[in-house]
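Enquirer: Once you've had a glance at the structure underneath, I'll fire off some questions.
Derivation of every value follows stated rules applied to the coordinates shown; laboratory data play no part. Since we're looking at a predicted model, the values are computed, not measured. Every residue, glycine as well, gets a Cβ built from its backbone with ideal geometry; the counts of neighbours run over all protein chains shown.
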Amino acid sequence: MADGLEDLSMPKGSASNNQHTAGKIFIGGVTADTDEHDLKEYFSQFGVVQDAIIMRDKMTGKGRGFGFVTFEDAMVAERIMGQAHNVKGRSVDVKSAVRRNQDPERIMKIFVGGLAPNVTNEILKDYFDKFGGVTECLVMMDQSTQRSRGFGFVTFDSPDTVDAIMRKNYHNIEGKPVEIKKAFPKGTGSVGGKGMNQGGRG
């Protein structure tokens, strides 16, 4: 699993990065019982598959609903992204896993808005732990009243986890729909990208 993430985190322009990720695709929305063999078996019909990986919860070992496939020929990856795909009876989302040179720096932090008053750092961490490794959770508090201001930030150990969270259309914490945005560094001019539309859609 670590190898699958390491490729994506290598510096832009790296020869090794170009070699290993040019034919790499993200597969989202896979069933809980889909494994690496299933991915490889399905995508092998399009070309030679070098690697297939299902991202799993570190604690339970269960699939997190997405994975990656790397083709020997990068053109295969480009070609199949415009097609519909069905793995084990479910339609899956296929996108490029390659960081384009024009993309902003990949983000490992998210903004979470619309939090219920009772949501603590621990509750926030418990919710997002199921997506991947959480390095920091912070619910913003009013300094005078010590009450929640209704929003917070979560930082992960991989930008791929953030990408997976952003692809999920609906997030509900403690019975309340919340808004998720990427937390771009100050000064980038970005305001959250497609995360602007993530809250409350079902």
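Enquirer: Name the residues whose placed amide hydrogens come within less than 5 Å of the amide hydrogen of residue 184, ignoring near sequence neighbours (fewer than 5 apart) on the same chain.
Expert: Those qualifying (amide H under 5 Å, at least 5 residues apart or on another chain) are 192.
Enquirer: Next up: For residue 34, which sequence-distant residues (separation of 5 or more, or a different chain) have an amide H within less than 5 Å of its own amide H, given hydrogens modelled in the peptide plane?
Expert: Residues meeting the amide H criterion: none.
Enquirer: Using 0.36 nm per residue, how much length does the chain from residue 45 to residue 144 gain when fully extended, once their Cα-Cα distance is taken away?
Expert: 29.5 nm
Enquirer: Using mean Cβ contacts within 10 Å as the protection proxy, how do 66-76, 164-174 order, highest first?
Expert: 66-76, 164-174
Enquirer: Hey, another quick one. Multiply the residue separation of residue 84 and residue 126 by 0.36 nm, subtract the distance between their alpha-carbon atoms, and state the gained length in nm to one decimal.
Expert: Stretched fully, the residue 84-residue 126 segment lengthens by 11.7 nm.
Enquirer: Now for a different question. Give me the distance between the Cα centres of the stretch 113-179 and the stretch 57-91, rounded to whole Å.
Expert: 27
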